[in-house]
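Chemist: One structure coming up, written as structure tokens, with questions to follow.
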Amino acid sequence: MEDLVRHAVESASAKGVDYAEARLHIDSGSAFTLTNGIPEPVQLARERGIAVRILVDGAMGFATTNDLSKSSLESTVEIAYRSAKASRKLIAKPIRLSEQKAEQANWEAKARKPLPDVTTEEKFRVLEEIEKNLQPEIVKVAVPSRTLILGDDITERYFANTEGARIHGKVARVNLLYVLTVYDPGKGTIQRIGQHGQSGGWEQLEQWDPPRLVSDEAEILGKMLTEGKQAPRKELDLVVGSEVTGIVCHESCGHPQEADRILGREAAQAGESYLKPDMIGYRVGTEAVTVADDPTIPNSNGFYLYDEEGVKAERRILIKEGVINGFLQNRETGAELGVSSNGAARAVAYDREPMIRMANTFMLPGSYTHEELVEDAKEGVFIKTFMEWNIDDRRYNQRYVGLEAYMIENGEVTTPVRNPILEITTPGLYGSVDAVGKEVEFEAATCGKGEPSQGAPVWHGGPSIRLRKVRLGG
Amino acid sequence: MNPEQVVEEAVKFGLKLGADEVTASMTRERRKMLRFSNNSIIVMQSWDHTVPAVYLTSKRKRAAARVGDPNLDALMDVMKTLKATMDISKPGEVESKLPKGPFKYEAVPHNYDSKIPEMTGELTGIAEEAINSALSEGAKRSSGTLVTNEWERYVKTSTGSEGKDRGTSIELSTRAFFDDDASGMGVSCATRLGDFDPTRAAREAAKIACQAKNPVFGDEGKFAVVFGPSIMAEFLSRVADFASAYYVDVGLSFLKDKVDQKVASEKFTLADGARMPTGINSCSFDDEGYPTRNTKIIDHGVLKTYLHSSYSVAKYGGELTGNSFFAGGTWGLTPIPLNVVVEPGELRFDELVEEVKNGLYLTNNWYTRFQNYQTGDFSSICRDGAFRIENGRIGQPLKGLRISDNMPRILQSITSLSRERQWIKWWEVETPTYLPHIAVEGVGITRATK
């Protein structure tokens with residue numbers, strides 16, 4: 001496979017290009033599903049193909065094929081070359097790439113129990129155990145609709161470019177997705193879509209204890225449905241759990257600090273950013289707020305050690321003590337903004353261009369216990385999990401609707417409340433954080449961006465945090 | 001080996017492995033995409049993919065695979081694993097049978113234009129025309145995506161169906177900016193070059209952007225709203241998805257148990273236009289080899305049917321609708337809408353605005369998320385031009401608005417539809433949708449407060 005990648009780069013180089021890279025993926029995956037206890041079709045996917053990206057006179061061409069014959073490969077190189085040349089006429093500012101070290105590396109996400117060694121029987125056994133634990137006598141409520149999906153995938157990638165970079169990487173991931181609808185005759189329904197995912201082997205899934213995890217979720221949903229009171233609609237203190245902290249960091253810190261958005265590249269699709277290139281140093285939050293994105297966390301869902309432009313991955317501090325500290329960069333935005341890439345270029349498949357993506361985005365811990373966060377709030381709400389959320393395409397105006405949530409009265413978590421709504425601006429949110437917990441947790445998610453769309457595996461997380469005097473409403 | 005031979009051999013091999021029934025499909029797509037932003041091309045991309053897929057049944061067991069490798073050996077290798085996995089899995093709830101062929105397939109007229117696959121340099125010219133049209137209307141910058149596609153699809157089943165089909169499309173979605181707070185979007189999509197109008201799309205985007213300059217924050221409350229085709233396409237393509245028996249089955253649809261019930265205003269009729277001559281996704285047969293048809297999903301407010309596969313018909317009853325494809329979030333055969341079509345009303349757009357008198361005109365949205373798919377509670381962010389309607393005319397531009405409402409309530413509260421329709425397909429609306437402007441009363445609007 002390395003030969004094919006090298007051949008593609010050499011073919012491109014012979015055409016006199018400014019830069020060329022080739023990336024070959026070999027991907028496989030499977031999914032096993034139980035819907036209301038009934039097995040859905042077993043699903044397998046196998047895919048391999050190659051992408052070629054070529055820069056000619058400041059214009060970028062990209063072409064892919066899954067026909068790995070030599071003639072097809074050469075034709076793909078030719079198409080990428082012609083595409084770049086055809087674009088030259090309408091280039092306002094030539095595309096350049098930042099100077100980077102030509103890395104040579106071989107890396108892998110380690111697995112103690114490799115996924116190919118896990119039998120189909122074992123995968124179904126896990127699903128059946130979850131299903132058994134969702135019966136009404138165990139979770140104390142009816143769960144009439146249950147979809148449980150156990151998926152795994154392995155991606156192996158070979159990368160080479162005209163600057164001499166040669167990288168081979170391999171990541172296996174396992175994930176569990178569940179859709180639960182809990183019903184009560186007098187109260188109606190409540191729903192949860194939950195996701196857990198990590199890189200590594202089967203040992204990651206085992207440590208989640210999936211039957212307990214999902215049945216706990218169902219039981220809590222039942223409690224929210226049957227005991228939840230109407231959420232307050234007024235200004236008060238708010239404590240949010242790590243799941244909510246994580247989505248906040250992802251949506252209103254990670255996305256607006258993607259340099260391609262800031263420069264307008266994604267304007268017609270995922271949108272732009274409230275930040276401008278010269279806003280490094282802008283205060284967006286209190287000193288309690290520091291947010292990082294780090295692809296190198298072992299066994300994380302967004303794990304990688306080299307990105308899809310061959311750049312070594314590193315931890316990026318996006319907000320430091322409330323101040324915008326840096327952006328997520330690839331080689332193109334790095335060159336335009338006069339900095340190096342910080343290794344944020346990802347492509348989810350061989351047929352997708354590398355683009356700036358988050359990996360594992362989280363708020364760094366503070367010094368408070370969860371009890372300390374709560375006890376200093378006289379009247380407030382604690383939102384532990386959420387279901388509905390969204391944010392505008394400049395990443396400024398956002399909304400999170402609580403799923404598992406409780407009143408805080410006289411410094412104690414008390415009665416469940418239904419669907420508390422936080423609708424707030426980005427500086428309004430980060431500027432209200434007065435205390436940050438010390439226990440960091442992560443949630444798996446699939447982040448959407450790009451055209452054609454690329455759903456990238458990520459983690460987001462952080463500790464519980466407290467926001468002072470925010471209005472709940474909606 | 002040519003695609004007909006691959007699907008034929010795959011079906012034979014599936015039966016040899018011991019499957020009761022087999023369907024195999026093979027799709028080749030040759031796609032080009034030119035993306036531009038800030039009045040400049042950022043990348044031109046090209047794909048040439050051939051993807052076989054197979055579906056096997058054995059009594060009440062089912063299994064499916066998609067193989068991104070055009071070689072028969074690779075497909076057969078996966079099929080062996082698939083059958084072995086199926087053998088040790090537990091049986092499903094019902095035994096479903098693939099439709100018995102052969103069927104006579106009628107080609108959808110006007111869905112292929114031989115000039116489209118040949119375009120490469122011409123794409124730059126079209127992008128330039130779109131950018132210049134937006135700038136000449138007063139926009140300061142223009143971004144967008146121009147896509148051409150040519151596809152060929154082959155399907156063979158062990159139950160006697162066999163067919164081949166092909167189509168082309170060309171699409172432009174473009175967003176124009178007057179400044180950061182004032183933007184607009186325009187779309188043109190067609191199966192033939194003659195129906196493609198990038199200049200109109202670019203001018204429309206720029207016109208909205210210029211009209212939207214100097215917006216003020218809108219108010220919270222309940223408003224009569226005229227929804228533009230782009231925003232309603234995003235909502236209604238989801239409604240068509242919710243009519244898929246798959247979404248009903250997994251509990252992610254507010255249309256569950258609603259067949260033959262009134263689910264929308266009687267002024268509202270929604271169909272899957274799988275055979276619309278100008279529909280980008282129109283085709284002659286589904287991946288079970290069953291002929292496609294135009295299917296009324298909601299007829300004058302009444303839910304008439306779900307979109308079906310052979311499995312969902314076996315489970316829920318009803319008739320096959322020709323919507324079963326290797327597609328979507330699952331790799332199995334899933335019922336999906338192909339082209340969403342809304343029947344028009346009688347008013348011109350300006351008459352619709354006049355009828356609403358005081359309310360809002362919202363042109364576009366993104367990021368719709370549901371709190372509960374069975375109740376339909378959701379919110380979605382307004383994007384691009386949003387305006388007050390004051391005394392029957394479009395007035396003050398607005399910003400910072402969010403639609404926070406309930407989808408069944410919105411469908412029931414449709415008051416009028418315009419008579420002009422247009423196709424919408426872009427990043428946020430994957431299923432091509434042909435629809436008018438639509439007026440809805442009492443729409444919930446919220447905004448950030450800090």
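The values are calculated or read from the model by the stated rules, or taken from the named source; none is laboratory data. This one's a predicted model, so the numbers in the text were calculated from it and none came from an experiment. Cβ sites come from the backbone with ideal geometry, for glycine too, and all protein chains shown count toward neighbours.
Chemist: Quick one: which of B:A74, B:A64 is of a type in the set (A, V, I, L, M), closer than 17 Å to B:T157 by Cβ and in the same structural domain as B:V155 (by TED's automatic domain parsing)? Quick ask: steps written out before the conclusion?
Modeler: On the way: B:A74 fails: closer than 17 Å to B:T157 by Cβ.
Residue meeting the stated conditions: B:A64.
Chemist: Any idea how many residues of segment A:51-75 are crowded, with 20+ Cβ neighbours inside 10 Å, out of contact with any Pro (no Cβ under 8 Å at 6 or more places or on another chain) and more than 7 Å from chain B (Cβ to nearest Cβ)?
Modeler: Here the count works out to 6.
Chemist: Something else now. Taking the condition of being of a type in the set (V, I, T) and touching a helix residue (DSSP H, G or I) at 6+ places or on another chain (Cβ under 7 Å), how many residues in segment B:1-47 meet it? First the steps, then the outcome.
Modeler: We begin by selecting, within segment B:1-47, every residue of a type in the set (V, I, T); these are B:6-7, B:11, B:22-23, B:27, B:41-43.
Then keep just the ones that are touching a helix residue (DSSP H, G or I) at 6+ places or on another chain (Cβ under 7 Å); that gives B:6, B:22, B:41.
Matching residues across segment B:1-47 total 3.
Chemist: Report yes if A:T333 is assigned to a loop (DSSP other than H, G, I, E, B) and at negative phi, otherwise no.
Modeler: So A:T333 fails the test.
Chemist: Assess whether A:A444 counts as being touching a helix residue (DSSP H, G or I) at 6+ places or on another chain (Cβ under 6 Å) and surrounded by 20 or more Cβ atoms within 10 Å (Cβ to Cβ).
Modeler: Considered against the rule, which asks whether it is touching a helix residue (DSSP H, G or I) at 6+ places or on another chain (Cβ under 6 Å) and surrounded by 20 or more Cβ atoms within 10 Å (Cβ to Cβ), A:A444 comes out as no.
Chemist: Considering each of B:T85, B:T148, B:T157 in turn, give the residue that is more than 10 Å from chain A (Cβ to nearest Cβ) and farther than 30 Å from B:W427 by Cα.
Modeler: The conditions single out B:T157.
Chemist: To continue, here is another question. Filter segment A:276-301 for residues that are within 14 Å of chain B (Cβ to nearest Cβ) and in contact (Cβ under 8 Å) with a residue 60 or more places away in the chain; which is farthest from B:S40 (Cα to Cα)?
Modeler: Here the residue is A:T286.
Chemist: In segment B:374-416, what residues are among the basic types (K, R), away from chain A (no Cβ under 14 Å) and assigned to a strand (DSSP E or B)?
Modeler: Hits for segment B:374-416 are B:R388, B:R393.
Chemist: Quick check on segment B:1-54: of everything there that is touching a residue at least 40 places away in the same chain (Cβ under 8 Å) and of a type in the set (F, W, Y), which residue is farthest from A:A45 (Cα to Cα)?
Modeler: Per the stated criteria, the residue is B:F36.
Chemist: Same structure again: Does segment B:270-279 contain at least one residue that is modelled with pLDDT under 95, more than 14 Å from chain A (Cβ to nearest Cβ) and out of contact with any Cys (no Cβ under 6 Å at 6 or more places or on another chain)?
Modeler: To start, the set of residues in segment B:270-279 that are modelled with pLDDT under 95 comprises B:277-278.
Pick out the ones that are also more than 14 Å from chain A (Cβ to nearest Cβ) and you get B:277-278.
Add one more test, that the residue is out of contact with any Cys (no Cβ under 6 Å at 6 or more places or on another chain), and what stays is B:277-278.
Checking segment B:270-279: at least one residue is modelled with pLDDT under 95, more than 14 Å from chain A (Cβ to nearest Cβ) and out of contact with any Cys (no Cβ under 6 Å at 6 or more places or on another chain).
Chemist: What's the total number of residues in segment B:300-327 that are part of a strand (DSSP E or B) and either outside the structural domain of B:Q261 (by TED's automatic domain parsing) or out of contact with any strand residue (DSSP E or B) (no Cβ under 8 Å at 6 or more places or on another chain) (or both)?
Modeler: First pass over segment B:300-327, keeping only residues part of a strand (DSSP E or B): B:302-303, B:307, B:324-326.
Checking which are either outside the structural domain of B:Q261 (by TED's automatic domain parsing) or out of contact with any strand residue (DSSP E or B) (no Cβ under 8 Å at 6 or more places or on another chain) (or both) leaves us with none.
Total meeting the criteria: 0.
Chemist: Mind telling me which of the residues B:A206, B:A182, B:A201, B:A274 ends up being surrounded by 18 or more Cβ atoms within 10 Å (Cβ to Cβ), touching a Lys or Arg at 6+ places or on another chain (Cβ under 8 Å) and more than 25 Å from B:T27 (Cα to Cα)?
Modeler: B:A182
Chemist: For segment A:391-403: of the residues being surrounded by 22 or more Cβ atoms within 10 Å (Cβ to Cβ) and not hydrophobic (A, V, I, L, M, F, W, C), which is farthest from A:V239 (Cα to Cα)?
Modeler: The extreme case among them is A:D393.
The rows are residues; the columns are (1) in contact (Cβ under 8 Å) with a residue 24 or more places away in the chain; (2) closer than 28 Å to B:F378 by Cβ; (3) among the small types (G, A, S).
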{"position": "A:N106", "(1), (2), (3)": "yes, no, no"}
{"position": "A:R157", "(1), (2), (3)": "yes, no, no"}
{"position": "A:A160", "(1), (2), (3)": "yes, no, yes"}
{"position": "A:I167", "(1), (2), (3)": "yes, no, no"}
{"position": "A:K170", "(1), (2), (3)": "yes, no, no"}
{"position": "A:N175", "(1), (2), (3)": "yes, yes, no"}
{"position": "A:Y183", "(1), (2), (3)": "yes, yes, no"}
{"position": "A:K187", "(1), (2), (3)": "yes, yes, no"}
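Chemist: Which members of segment A:32-50 meet the condition of being part of a strand (DSSP E or B), modelled with pLDDT under 95 and more than 7 Å from every other protein chain (Cβ to nearest Cβ)?
Modeler: Answer for segment A:32-50, where residues must be part of a strand (DSSP E or B), modelled with pLDDT under 95 and more than 7 Å from every other protein chain (Cβ to nearest Cβ): A:F32, A:T33, A:L34.
Chemist: Let me confirm something: among B:I438, B:I445, which residue is buried (at least 21 other Cβ atoms within 10 Å of the Cβ), within 21 Å of B:V302 (Cβ to Cβ) and of a type in the set (A, V, I, L, M)?
Modeler: Answer to the check: B:I438.
Chemist: Counting residues that are aliphatic (A, V, I, L, M) and assigned by TED's automatic domain parsing to the domain that holds A:E443, which helices (runs of 4 or more DSSP H) fully inside segment A:179-258 reach at least 3?
Modeler: A:242-249
Chemist: Can I ask one more? Among the numbered criteria (1) over 19 Å from the mean Cα position of the chain (by Cα); (2) farther than 30 Å from A:P463 by Cβ, which one does A:K170 miss?
Modeler: (1)
Chemist: Then there is this: So which residues in segment B:422-450 are assigned to a loop (DSSP other than H, G, I, E, B) and small (G, A, S)?
Modeler: Result: B:A448, single match.
Chemist: Inspect all residues belonging to segment A:124-145 and state whether any of them is more than 21 Å from A:R212 (Cβ to Cβ), among the polar types (S, T, N, Q) and assigned to a strand (DSSP E or B).
Modeler: So far as segment A:124-145 goes, no, none of its residues is more than 21 Å from A:R212 (Cβ to Cβ), among the polar types (S, T, N, Q) and assigned to a strand (DSSP E or B).
Chemist: Separate question: Where residues in segment A:447-469 are within 18 Å of A:E287 (Cβ to Cβ) and surrounded by fewer than 21 Cβ atoms within 10 Å (Cβ to Cβ), which of them is nearest to the other protein chains (Cβ to nearest Cβ)?
Modeler: Checking each candidate, the answer is A:K469.
Let's see how each residue does on (1) touching a Gly at 6+ places or on another chain (Cβ under 7 Å); (2) small (G, A, S):
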position: B:T363; (1), (2): yes, no
position: B:W366; (1), (2): no, no
position: B:D384; (1), (2): yes, no
position: B:H437; (1), (2): yes, no
position: B:G444; (1), (2): no, yes
position: B:T449; (1), (2): yes, no
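Chemist: Here's a follow-up. Kindly establish whether B:D377 is more than 19 Å from B:I208 (Cβ to Cβ), acidic (D, E) and crowded, with 18+ Cβ neighbours inside 10 Å.
Modeler: Criteria met by B:D377.
Chemist: Right, here's the next one. Show the residue pairs that are 6+ apart or on different chains and have beta-carbon atoms under 8 Å apart, the first residue being within segment A:324-336 and within 13 Å of A:D293 (Cβ to Cβ), the second being surrounded by 24 or more Cβ atoms within 10 Å (Cβ to Cβ) and of a type in the set (K, R).
Modeler: Here the result reads A:L328/A:R357, each pair linking segment A:324-336 to a residue that is surrounded by 24 or more Cβ atoms within 10 Å (Cβ to Cβ) and of a type in the set (K, R).
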